[in-house]
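Trainee: Structure below; questions to follow.
The values are calculated or read from the model by the stated rules, or taken from the named source; none is laboratory data. Only a predicted model underlies this, so the values are computations on that prediction, with no experimental measurement involved. Every residue, glycine among them, receives a Cβ derived from its backbone with ideal geometry; neighbour counts consider all protein chains shown. Side chains included, ligands, DNA and RNA excluded: accessible areas come from the protein's heavy atoms. Shrake-Rupley method; radii C 1.70, N 1.55, O 1.52, S 1.80 Å.
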Amino acid sequence: MRSGLFIAFFCTAAALYVAWGQIAAYQERERIQTADAAERRTRRAELSADGCNGAVGSLSAMEHRLLKAGGIEIPEALASDITLCLEENIMSGRSRLQMERTHLIRLFPRETSGLPNE
């Protein structure tokens, strides 16, 4: 009888611990998503067409090294700025055409996801 009570207590405690872990993980994911969304809104407010054009200019300066096989990687901050500019459509048409002409646009495949093929 005692062992049955001990097993029931142990199983209940284990179930509560697992539930607590799942709730904590869910809350952490929600916190991270909220922080990411706030950071994206702030970054979007800071960027303008001029900021996007500057980012494209910086990327264009690295063009020859980026397009070589095994070339350098795009700095993460620059890549996230350009991705945001493309996704939010705040880049000037001239900068976008420059990226398409130099084939640098292919380095940002997330920009075209969800859009129909042209």
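Trainee: Once you put a point 7 Å from the Cα of A13 and another 7 Å from the Cα of T42, both along the Cβ direction, what distance in nm separates them?
Mentor: 4.3
Trainee: Where in the chain are the helices, taken as whole DSSP H runs, whose Cα atoms extend 15 angstrom or more along the long axis and whose Kyte-Doolittle mean reaches at least 0.0? Don't jump to the answer; show the numbers that get you there.
Mentor: Working: long enough: 2-46 (66 Å, -0.24); 49-61 (18 Å, 0.47); 76-88 (18 Å, 0.50).
Sorted by number, the helices that extend far enough and score high enough are 49-61, 76-88.
Trainee: Would you mind working out the accessible area per residue for segment 35-79, using a 1.4 Å probe, and quoting it in Å²? Provide the component values of the computation, followed by the final result.
Mentor: Numbers: 2970 Å² over 45 residues.
With the other protein chains kept in place, segment 35-79 gives 66 Å² per residue.
Trainee: If you don't mind, there's one more thing I want to ask. Based on the Cβ-Cβ distance of Q33 and L78, what FRET efficiency does E = 1/(1 + (r/R0)^6) give at R0 = 35 Å, to the nearest 0.05? Working shown, then result.
Mentor: Working: r = 24 Å, r/R0 = 0.68.
With R0 = 35 Å, the Cβ-Cβ based efficiency is 0.90.
Trainee: Using the crude model of +1 on Lys and Arg Cβ and -1 on Asp and Glu Cβ, and no other charge, please compute the dipole size for the chain relative to its Cα centre, in debye to 20.
Mentor: 240
Trainee: Work out how much length E88 to W20 would gain on full extension: take 0.36 nm times their residue separation and subtract the Cα-Cα distance, in nm to one decimal. Intermediate values should be presented prior to the final figure.
Mentor: Working: separation 68, 0.36 × 68 = 24.48 nm, distance 3.80 nm.
So the chain would gain 20.7 nm between E88 and W20.
Trainee: Among (i) 1.77; (ii) 1.36; (iii) 1.02, which one is Cα Rg over 2.2 N^0.38 Å computed from these coordinates?
Mentor: Comparing each candidate, only (i) matches the computed number.
Trainee: Ordered by packing density, taken as the mean number of other Cβ atoms within 10 Å over each peptide's residues, highest first, how do 74-84, 39-49 rank? Walk me through the intermediate numbers first.
Mentor: On the way: 74-84: 16.1, 39-49: 12.6.
The packing order, highest mean first, is 74-84, 39-49.
Trainee: Out of the total accessible area of the chain (probe 1.4 Å, heavy atoms of protein only), what percent is carbon and sulfur?
Mentor: Carbon and sulfur atoms account for 59 percent of the accessible area of the chain.
Trainee: Among 19-28, 88-97, how do they line up from the highest to the lowest mean number of other beta-carbon atoms within 10 Å? Each step should come with its number before you reach the end.
Mentor: On the way: 19-28: 10.0, 88-97: 14.5.
In descending order of packing, they fall as 88-97, 19-28.
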